[in-house]
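Student: My questions will all concern the structure given below.
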Amino acid sequence: MGLNTQKAEFIRSAAGPRDFPRDPLPQVAFAGRSNVGKSSVINRLLNRKNFARVGAAPGKTVHINYFRIDEKLYLVDLPGYGYARVSQAEKARWAGLIQSWFDDRSLMSLGVLIVDARHRPTADDKVMCDYFKSTLRPFAVVANKLDKLKKSEIEPNLALIRETLELSDDVKVIPFSAEKGDGREELLGLILDHLEGTV
Ligand SMILES: Nc1nc2c(ncn2[C@@H]2O[C@H](COP(=O)(O)OP(=O)(O)OP(=O)(O)O)[C@@H](O)[C@H]2O)c(=O)[nH]1
Ligand SMILES: [Mg+2]
């Protein structure tokens, strides 16, 4: 089964459980720190310049954005975390929304945790990783902004990410550059394999 990534539509921005789609299409969830490049990774995956919004006002949108691809799956853009300059109220809204999404076991079918390839994952990254682990669904880690690393830094950084997040061997860490395109085939392959396993 192929996936026509050209056929991508924005479905909705969900502010709470009432807005979560509940049809049987698989949901591939993307999570990561604000500014880590979630929207850029989605754009790269779809080879679109400006599909998921990039850049402006980090931490502003405490919404879950749903995109439907080829009428076969949803890409779920979970709200970013770890942005320092948000109010306590916004943080609480983030936690409530994320909790309600993960509480509904039927929602996630594959997880993608995006971290910064340059740095050791943060405490917030670990919390998000634990959410993914708790679903018992498959997930992968994407180490984005690979283009900012020297060649010699790649292997040690990937090992540090694996170790810090305490990933089991079946969890892939995919070196990725939304900017240059590295890792796109591997991530798309993972999503396709998953799709084949779920239909
Ligand atoms: N060099 C480099 N820059 C990147 C890469 N991916 C994203 N960026 C840049 O990082 C910044 C943040 O990217 P976004 O895609 O908006 O990040 P986000 O995680 O969606 O951010 P929020 O939605 O605000 O949480 C932008 O300036 C991007 O151009 C990458 O692979 N390499
Ligand atoms: Mg974004």
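The values are calculated or read from the model by the stated rules, or taken from the named source; none is laboratory data. Only a predicted model underlies this, so the values are computations on that prediction, with no experimental measurement involved. Reconstructed Cβ throughout: ideal geometry from the backbone, glycine too, with neighbour counts over all protein chains shown. Accessible surface is based on the protein model in full, side chains and every heavy atom, while ligands, DNA and RNA are left aside. Shrake-Rupley method; radii C 1.70, N 1.55, O 1.52, S 1.80 Å.
Student: Filter Lys72/Lys145; Lys49/Lys172; Lys38/Lys172; Lys38/Lys148; Lys72/Lys180; Lys7/Lys133 down to the pairs with a C-alpha to C-alpha distance above 20 Å, please.
Tutor: Values: Lys72/Lys145 28 Å; Lys49/Lys172 26 Å; Lys38/Lys172 17 Å; Lys38/Lys148 16 Å; Lys72/Lys180 27 Å; Lys7/Lys133 30 Å.
In this structure, Lys72/Lys145; Lys49/Lys172; Lys72/Lys180; Lys7/Lys133 lie more than 20 Å apart at Cα.
Student: Run the 1.4 Å probe and let me know the accessible area of Leu3, rounded to the nearest 10 Å².
Tutor: 30
Student: In addition: Excluding ligands and nucleic acids, what accessible area in Å² is computed for Tyr74 using a 1.4 Å probe, to the nearest 10?
Tutor: About 0 Å², ignoring ligands and nucleic acids.
Student: If you count the DSSP beta bridges with both ends in the chain, what percent of them are antiparallel, to the nearest 5?
Tutor: Numbers: 11 of 30 bridges.
Looking only at bridges with both residues in the chain, the antiparallel portion is about 35 percent.
Student: When the Karplus curve 6.51 cos²θ - 1.76 cosθ + 1.60 is applied with θ = phi - 60°, which whole-Hz ³J(HN,Hα) does each residue of region 109-120 get, with x for Gly and Pro?
Tutor: Here the 3J(HN,Hα) series is 10, 8, x, 10, 9, 9, 10, 7, 4, 7, 10, 5 Hz.
Student: Further, regarding this structure: Which residues make up the longest stretch of the chain clear of trypsin sites (Lys or Arg not before Pro) that lie in a DSSP loop with no more than 12 other Cβ atoms within 10 Å, not counting the sites?
Tutor: Working: sites that count: Lys7, Arg22, Lys49, Arg85, Arg105, Lys150, Lys180.
It works out to 106-149.
Student: Tabulate in residue order the Karplus-calculated ³J(HN,Hα) for region 92-107, using 6.51 cos²θ - 1.76 cosθ + 1.60 with θ = phi - 60°, rounded to whole Hz; enter x for Gly and Pro.
Tutor: Result, rounded to whole Hz: 5, 4, 4, 4, x, 5, 4, 4, 5, 5, 6, 5, 8, 4, 7, 7.
Student: What percentages make up the Cα-Cα pair-distance distribution of the chain when the bins are 5 Å wide from 0?
Tutor: P(r) for the chain, in whole percents per bin: 1, 7, 17, 21, 23, 17, 10, 3, 1, 0.
Student: Would you please name the GluC sites (Glu not before Pro) within region 119-195 that are DSSP coil residues with at most 16 other C-beta atoms within 10 Å of their C-beta?
Tutor: Glu166, Glu179
Student: Amide H neighbours of Gly32 under 5 Å, at least 5 residues apart or on other chains, H built in the peptide plane: list them.
Tutor: Under 5 Å from the amide H of Gly32: Tyr81, Ile114.
Student: OK, next. Under 14 Å from the Cβ of Pro17, count the other residues' Cβ atoms, weight Lys and Arg +1, Asp and Glu -1, and hand me the total.
Tutor: +2
Student: While we're here: With the full set of protein chains in place, find how many percent of the accessible area of the chain is carbon and sulfur; take the probe as 1.4 Å.
Tutor: About 49 percent, which is the carbon plus sulfur part of the accessible surface.
Student: Just want the answer: with Cβ charges of +1 for Lys and Arg and -1 for Asp and Glu, which residue in Val36, Trp94, Thr135 is farthest toward the dipole's positive end in region 29-138?
Tutor: Of the candidates, Val36 comes out farthest on the positive side.
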